[in-house]
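**Student:** Sharing a structure with you now.
The values are calculated or read from the model by the stated rules, or taken from the named source; none is laboratory data. Because the structure is predicted, anything quoted here is derived from the model rather than measured. Quick reminder, even Gly has a Cβ in these numbers, built from the backbone with ideal geometry, and neighbours come from all protein chains shown.
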Amino acid sequence: MLFNIKTGHGVTSYQQKDIIYLCCRFKDLACNDFNWCYTNGNAAAITKFFSNFDDINNNIDWHSVHTTDFRDENADGDEDRIRKKHAEFLVREHVPAEYIKKIVVLNNEVKEDVEKILAELDSNIDILVNPDQKFYF
């Protein structure tokens with residue numbers, strides 16, 4: 001999705017610096033306090049929804065999630081790779097701020113902006129600048 005947002009492919013285009021990641025522990029959210037589910041692929045496509053973790057390792061194609069090969073004609077011939085790579089954990093309505101464990105930003109300039117906002121809110125959420133260069137292109 002980040003690629004689509006960056007390029008404006010099917011959605012409004014935004015610069016990557018304007019996109020931040022709010023990171024939560026899904027196991028903190030997977031409780032009776034929230035209406036939640038996870039999918040085995042992009043929720044906008046033909047996909048399955050699950051509401052327990054009993055068989056998560058069989059429900060999610062972890063190879064597709066972790067791969068960097070986005071081609072439809074990839075080395076192992078999996079033409080459903082892109083959909084499966086976008087498996088999602090969804091929470092209905094909202095997630096309270098106290099469940100946000102980390103915020104990931106593109107650069108130090110954005111980090112400073114987010115620090116100012118968090119200071120005004122008297123919040124001390126950890127802010128990471130694109131750890132291991134994995135969150136942005």
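**Student:** If you take just the strands (runs of 3 or more DSSP E) that sit entirely in the stretch 51-137, which of them hold at least 2 residues that are in contact with an Asp or Glu (Cβ under 9 Å, 6 or more places away or on another chain)?
**Tutor:** Counting at least 2 such residues, we get 102-105.
**Student:** Given the criterion of a type in the set (V, I, T), more than 30 Å from D122 (Cβ to Cβ) and either surrounded by 12 or more Cβ atoms within 10 Å (Cβ to Cβ) or not assigned by TED's automatic domain parsing to the domain that holds D126 (or both), identify the matching residue among I60, I100, I19.
**Tutor:** From the options I60, I100, I19, the qualifying one is I60.
**Student:** Do you know which residues across the stretch 98-117 are of a type outside the set (D, E) and under 17 Å from Q15 (Cβ atoms)? Step through it out loud before you land on a result.
**Tutor:** So in the stretch 98-117, the residues of a type outside the set (D, E) come out as 99-108, 110-111, 114, 116-117.
V104, V105, L106, N107, N108, V110, K111, V114 - these are the residues of the stretch 98-117 that are of a type outside the set (D, E) and under 17 Å from Q15 (Cβ atoms).
**Student:** Oh, and also: For A45, are the conditions met, namely being outside the structural domain of F3 (by TED's automatic domain parsing) and under 19 Å from the mean Cα position of the chain (by Cα)? So that I can check it myself, show each step before the final result.
**Tutor:** Details: outside the structural domain of F3 (by TED's automatic domain parsing): yes; under 19 Å from the mean Cα position of the chain (by Cα): yes.
Yes, satisfied.
**Student:** While we're on this one: Before we move on, is V95 surrounded by 10 or more Cβ atoms within 10 Å (Cβ to Cβ), touching a helix residue (DSSP H, G or I) at 6+ places or on another chain (Cβ under 6 Å) and either more than 22 Å from F26 (Cβ to Cβ) or among the aliphatic types (A, V, I, L, M) (or both)?
**Tutor:** Numbers: surrounded by 10 or more Cβ atoms within 10 Å (Cβ to Cβ): yes; touching a helix residue (DSSP H, G or I) at 6+ places or on another chain (Cβ under 6 Å): no; either more than 22 Å from F26 (Cβ to Cβ) or among the aliphatic types (A, V, I, L, M) (or both): yes.
No.
**Student:** While we're here: Scan the stretch 28-50 for residues that are exposed (fewer than 15 other Cβ atoms within 10 Å of the Cβ), touching a residue at least 24 places away in the same chain (Cβ under 8 Å) and outside any loop (DSSP other than H, G, I, E, B) and jot them down.
**Tutor:** Correct list: D28 only.
**Student:** Within the stretch 52-67, is even one residue closer than 20 Å to M1 by Cα and acidic (D, E)?
**Tutor:** So far as the stretch 52-67 goes, yes, one or more of its residues are closer than 20 Å to M1 by Cα and acidic (D, E).
**Student:** Every residue in the stretch 103-137 that is among the basic types (K, R), exposed (fewer than 15 other Cβ atoms within 10 Å of the Cβ) and over 30 Å from N52 (Cα atoms), please.
**Tutor:** K116
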